[in-house]
Amino acid sequence: MTLSEKIALLKPVVHPGFTKVLLTETASGWCCAMANGMHGIGSADHVAMTAEAMRKPFLRVVLNATKGAESFQFCHTDFAGTTKAERVVYVHNEGGWRFFEHGTPLAFEKPEASRAKRKRDRLTVDMIGDYCLALGIDLRAEGFFDGACAIVDHPPMPQTRPVRA
């Protein structure tokens, strides 16, 4: 099943929150989770808790290029060691660009980017692709998201409604 076919299983897109989660194998050793919420899974706490319980690394990537609400995030937490190692970098456009970073930069990061004059240039789609590649996740590879998948229903919030196209 192609990625497009898998994403179609998530319809309809809803807001606020989400009602379905897609779990899919990838061509790497990582599993990918996506949701049908207008803003994805959100904080993904339940996915992170699963990674913590399994003592595995957890990566949250957001690539939202919706004009006026852009959000690009790279959040890596490694639960495999004796202590949790966390690195978070993001830029958001919420009526103005905001930049945030927390934790020690990872060896493959481009630290000079965090000093770029324009905040929106401090973390880009290409940089996130490169960072993922350094972790063995080639988001750009043909067939990367091929493999088995499952849809998990998620109880919606009372106010959750389908988004009109």
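The values are calculated or read from the model by the stated rules, or taken from the named source; none is laboratory data. Keep in mind it's a predicted model, so treat the numbers as computed, not measured. Using ideal geometry, Cβ is built from the backbone for each residue, glycine included, and neighbour counts are taken over all protein chains shown. Accessible surface areas use protein heavy atoms only, side chains included; no ligands, DNA or RNA. Shrake-Rupley method; radii C 1.70, N 1.55, O 1.52, S 1.80 Å.
Summary table below
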| quantity | calculated |
| --- | --- |
| Packing-based order for 153-161, 120-128, using average beta carbon neighbours within 10 Å, highest first | 120-128, 153-161 |
| Residue-normalised accessible area of the stretch 3-154, given per residue in Å² at a 1.4 Å probe | 57 Å² |
| Dipole magnitude of the chain, debye to nearest 20 (Cβ charges: Lys/Arg +1, Asp/Glu -1, about Cα centre) | 580 debye |
| Cross-link partners of residue 20 among lysines (Cα-Cα below 28 Å; sequence separation of 8 or more within a chain) | 6, 11, 56, 67 |
| Whole-number percent relative contact order across the stretch 1-50, with pairs defined as alpha carbons under 8 Å at least 6 apart | 33 percent |
| The stretch 3-154: relative contact order in percent, alpha carbon pairs under 8 Å with at least 6 residues between | 25 percent |
| Pairwise label distance in nanometres, residue 118 with residue 140, each label 7 Å out on the Cα-Cβ vector | 2.0 nm |
| GNM flexibility winner over the chain from 25, 142, 112 (Cα, springs under 10 Å) | 112 |
| Rounded percent of accessible protein surface that carbon and sulfur make up, the stretch 1-111, 1.4 Å probe | 59 percent |
| Where chymotrypsin sites (Phe, Trp or Tyr not before Pro) fall in DSSP loop in the stretch 57-145, at most 12 other Cβ within 10 Å | 108 |
